[in-house]
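Data block below; observations after.
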Amino acid sequence: MVLQRETDIRIIIERCSILRNVIEDSSALNLTSINVISENFFRDLLNLLLGTGLENLNATLDNAAAIDLGDDRTKLCVQVTATSGKPKIAKTVNTFAEHDLQNKYDRLVVFVATKKKNYQADFISDKHNKHILDLKRDVWDWTDVYRLAKDLKPSKLTELRKFIEENIVVDAPKNPIREVATFIDLMQILSDETHSEAGKGVLTEPDPDKKIEKRFSAHSGFLLDEYGKYYAEYGAVLEETLIKGELGAARMRRLGLHLGTKSDELLTDNKNDPQKALDALVHFYLSALQESGKNSDQGAIRFFMLYQMIRCYVFPNEGSGIG
């Protein structure tokens, strides 16, 4: 049985993850139009989460100083930005104080539409100490959206989910092959932080048969270190999934065959460099997840590829190895 609440939260996380990725990619290319278009989306999103009456100030005041959204009733204002660095936040606080907006609004929130940093300081103030921003409390990102969503009443949570589905539209994948569909299902299991075995992996001998050392001697140290690092988080979950046969032996066998063909193709494209080929393979499946509207966990993908490399499903062609 799947509870409606769980379904709502899952869809919210998946769709918001897609928007976050689009904003990150657009910002990296200095394409800021997505940020402007998103202002009304964030206005409505936060109003649903907080029960506020935030308005898009840029709709009435061209390039409103320091803030994008404001609510005269609750005295809350929000700056939406794709830049998470402390200098950007400091500039926002300084501009906010220069225009004496602290006299109109009691609280300034900086919403980072990508991912906020782990700031070393606790507070940022303008040079005249007119306004002090609490970096722990008043800098938000998508994790705060999910936190607030989890506290909503069922009817409000469903309303939020419907809003997000209507506004973050995901095109259906074009004829996804069964192997990719299997991989997507597997990643959902590996990425489930609530799984009873999450984070319990204990690795004694990462490559008992020395397959990586024999085939990729020049890269074996890196590959084995990578495998050990990710195994702690995902290893026990995968082992239990395979033991229970949650995805079925036939589906996993087809996935293994598909991995062999695709990984060898990428190994050849990358001149037999397994590190570069591994990065390309992870990117291929990360894109498959995103195109299917699924939450993307790059660490889970990377671990599974390393896991299958040791078992020779990934890069199975002995003749193409380095060693």
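Any read-out appearing in this document is the output of simple, stated calculations on the displayed coordinates, not a laboratory observation. Since this is a predicted model, take the numbers as computed values, not measurements. As a convention, Cβ positions derive from the backbone with ideal geometry for all residues, glycine included, and neighbour counts pool all protein chains shown.
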Potential extension, Glu24-Glu166 segment - 0.36 nm per residue separation minus Cα distance: 49.0 nm
Which order results if Tyr119, Tyr285 are arranged by neighbouring Cβ count within 10 Å, fewest first? Tyr119, Tyr285
With 21 Å as the limit, write out which pairs from Lys88/Lys115; Lys75/Lys130; Lys115/Lys276; Lys104/Lys136 have Cα-Cα distances beyond it, or answer none. Lys115/Lys276; Lys104/Lys136
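Ranking Arg73, Arg302 by Cβ neighbours within 10 Å, fewest first, what do you get?
Sorted ascending by nearby Cβ count, the order is Arg73, Arg302.
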Exposure proxy order (Cβ contacts within 10 Å, fewest to most) of Glu39, Glu24: Glu24, Glu39
Per 0.36 nm of contour for each residue apart, how much would the distance between Ser217 and Ala121 grow if the chain were fully extended, relative to their Cα-Cα spacing? 30.1 nm
